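The values are calculated or read from the model by the stated rules, or taken from the named source; none is laboratory data. Note that this is a predicted model, so its numbers are computed, not measured. Every residue, glycine among them, receives a Cβ derived from its backbone with ideal geometry; neighbour counts consider all protein chains shown.
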Amino acid sequence: MGTAVTLVDDAPPDTRQTRSATPAAKKRRGRRENLAGYLFMSPWIAGFLLLTAGPMVASLYFAFTDYNLFDSPKWIGFDNFTRMFDDPRWQKSVEVTAKYVVIGTPLKLLLALGVAMLLAQSRRGQALYRAAFYAPSLIGASVSIGFVWRTLFSDGAVVDRTQSLFGSHVGGWVGDPDWILYSLVALTVWQFGAPMVIFLAGLKQVPRELYEAAAMDGAGPFRRFWNITLPMISPVLFFNVLLETIHSFQIFGSAYVVSNSQCGPADATLVYTCYLYQQGFKNAQMGFASAMAWMLLLAVALVTAVLFWSQKKWVHYEEDAQ
Amino acid sequence: MSHSMRRPMSVTTAKKSPGLGRRRTGSLVWHVGALAVLAVVLYPVVWVIGASFKPSKDVINSLQLFPGHPILANFKGLAKGIADISIWTFFQNSLFYALGSVAGILISCSLTAYAFARIRFAGRNLLFSLMIGTLLLPYHVLLIPQYVMFQKLQLVNTYVPLLIGKYLATEAFFVFLMVQFMRNLPKELDEAARLDGCGHLRIYWSIVLPLCRPALITSAIFTFINAWNDFMGPLIYLNEPGKYTVSLGLMMFRDSDGVAANYGGMIAMSLVALLPVLLFFLAFQRYLIDGMATSGLKG
């Protein structure tokens, strides 16, 4: 790399002939590289300042104000936060979101891993299966699928009738506060294809010799999975757990559409962002909504930090990997 | 590969064929398992196709996947539009949003990625970690202040708030994808070009971009689909039905017609709204399968 850089030279032709760059030429080139770098980066830098960093600071400020968008924000200290902790609907939204994340994410990842392991035993038709299983991840977030979901889980529709065959009659999940959240869990599990594709790529990297050696030592399928597959794909597993968890904290569209824009019934699908939306955009409580957003950020940061901390214990990176 | 192939073969030649028999049952179990997953996964998609040809009263209650007497009334009804707005208007709006997003992402993310991957400038490691940090940032923290800003600038009810981020490379995922791709291009290419007197802009445009085609195509497809499916952005920023995207048009359809009365129409419209993504997917599927084949060769 170092030698390559001395060969690369944008300096004018007269100095370039010498090749062994003088300190002055090096400095000039360094400055030109800096200028070029920041020019190429300028859209991102503008976007970062205007649409990310600036709004984050503003949001932190709003969190400590009473702000309805029309009058200027009024500083109220920690009132939004104390109000939030006392608010039964906020508590409910935390509960609903936690339930959704804790049930949905592991189920989705288990299914993704299971199906990836099934597909990894390369057989005929594998590419087709892989593509078909991936399709729901592309359409799952659409309003169309939200409608389809609501219909399939309605009273008298296919899920209800199938369930009734097994002697448990609910009368449609979407109308029942005890059941509707599970229809959202089913919707996210249905989109297992995206993490599956990543697992599959990871499984393909596991050297076959390891399995053959283990089989010769008499290790059964469970031992092989536990001692070879799992450690070998742990970086991929970590990546999937991190991404899926953060992603599912932020569920909005499907909860909103499947619940008929109500996030109900009885707040049963009042996911965190849905309550944030109602407070910010329906009740014009911009300060309260900003405070809620910062609590979400803290929760996501905490989960991310815990996952990164825990990876020392269970994620196995190969030493010779770059 | 050849090793694992040889072993069962030698077993089969030695004894009659217990190995082959086991492989056949194994294969059968595999296919039964895969087909079972396939049936559950594809059910909603197949269902929506069949249901869009059913009369409204049968949409929920009929368990037949495809109606005995398919009708076209649901689709014909769509031609009337929703609340005096033609379906085509929603499609044009969504198309504008999706294609506008694709153009923005391709330009801004590739420029940023080029800087990260190919230019050695001071502070690039710091900026790169900031960029990765935004990948994990929940969008909702920015939602309120961005809305306040666009409201003050009187840009609510325009497409500016929806599109501007795409032109300012705020979609860190695509920057990251392109950086990873550009890093793997041979450095010698730039060096040769530089000796010929090319500056960064020429190298970016004539050498790096053409070689990044796969990453650009992947980014373009994902951007199009994300914009097409986007619901929260249009919900917050657009408030005039003539400007609605397909997602909002669908919501308006449901709220205006009364769900029970025109269930068939709603399902037909849902199918029509899914079609562009499904078509993109069918085109994209080839990429998946080709990628599969090449990774199979390497492995």
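Observations
- Tabulated pairs, region B:78-94, first in contact (Cβ under 8 Å) with a residue 60 or more places away in the chain, second of a type in the set (Val, Ile, Thr) and in a loop (DSSP other than H, G, I, E, B), C-beta under 8 angstrom, 6+ apart or interchain: B:Phe90/B:Thr245; B:Asn93/B:Thr245; B:Ser94/B:Thr245
- B:Tyr147, sole failed condition from (1) of a type outside the set (Asp, Glu); (2) without any contact (Cβ under 8 Å) to a residue 60 or more places away in the chain; (3) within 10 Å of another protein chain (Cβ to nearest Cβ); (4) closer than 28 Å to A:Phe70 by Cβ: (2)
- Just one of (1) among the β-branched types (Val, Ile, Thr); (2) surrounded by fewer than 19 Cβ atoms within 10 Å (Cβ to Cβ); (3) within 11 Å of chain B (Cβ to nearest Cβ) fails for A:Ile228. It is (3).
- The residue list B:Leu216, B:Leu163, B:Leu195, B:Leu209 contains one member that is under 22 Å from the mean Cα position of the chain (by Cα) and within 12 Å of chain A (Cβ to nearest Cβ), which is B:Leu163.
- Residue check, B:Phe173 in a helix (DSSP H, G or I), within 11 Å of chain A (Cβ to nearest Cβ) and in contact with a Leu (Cβ under 9 Å, 6 or more places away or on another chain): yes
- Considering region A:35-59, the residues that are within 7 Å of chain B (Cβ to nearest Cβ) and of a type in the set (Ser, Thr, Tyr) include one that is farthest from the chain's Cα centre (by Cα), namely A:Tyr38.
- Qualifying positions in region B:212-223 - buried (at least 16 other Cβ atoms within 10 Å of the Cβ) and assigned to a helix (DSSP H, G or I): B:Ala215, B:Leu216, B:Thr218, B:Ser219, B:Ala220, B:Ile221, B:Phe222, B:Thr223
- Elements of the type helices (runs of 4 or more DSSP H) sitting completely within region A:8-93 and holding at least 3 residues that are at pLDDT 90 or above: these cover A:23-47, A:54-62, A:79-86.
- Flag if B:Ile105 is surrounded by fewer than 17 Cβ atoms within 10 Å (Cβ to Cβ), touching a residue at least 24 places away in the same chain (Cβ under 8 Å) and either part of a helix (DSSP H, G or I) or of a type in the set (Gly, Ala, Ser) (or both): no
- Residue check, A:Ser154 without any contact (Cβ under 8 Å) to a residue 60 or more places away in the chain and either crowded, with 23+ Cβ neighbours inside 10 Å or within 20 Å of the chain's Cα centre (by Cα) (or both): no
- Those residues of region A:114-133 which are more than 7 Å from chain B (Cβ to nearest Cβ), surrounded by fewer than 22 Cβ atoms within 10 Å (Cβ to Cβ) and either among the charged types (D, E, K, R) or part of a helix (DSSP H, G or I) (or both), in sequence order: A:Gly114, A:Met117, A:Ala120, A:Arg124, A:Gln126, A:Leu128
- Any hit, region A:152-161, residues being out of contact with any strand residue (DSSP E or B) (no Cβ under 9 Å at 6 or more places or on another chain), hydrophobic (A, V, I, L, M, F, W, C), more than 22 Å from B:Ile49 (Cβ to Cβ) and part of a loop (DSSP other than H, G, I, E, B): no
- Filtered residues of region B:142-160 (kept if of a type in the set (Val, Ile, Thr) and either at positive phi or under 24 Å from the mean Cα position of the chain (by Cα) (or both)): B:Thr158, B:Val160
- Identity of the residue in region A:164-178, of a type outside the set (A, V, I, L, M), under 18 Å from A:Ala268 (Cβ atoms) and more than 10 Å from every other protein chain (Cβ to nearest Cβ), that ends up farthest from the chain's Cα centre (by Cα): A:Gly171
- Selected residue (criterion: modelled with the lowest pLDDT) from residues of region A:144-174 that are over 20 Å from B:Ile221 (Cβ atoms) and aliphatic (A, V, I, L, M): A:Val170
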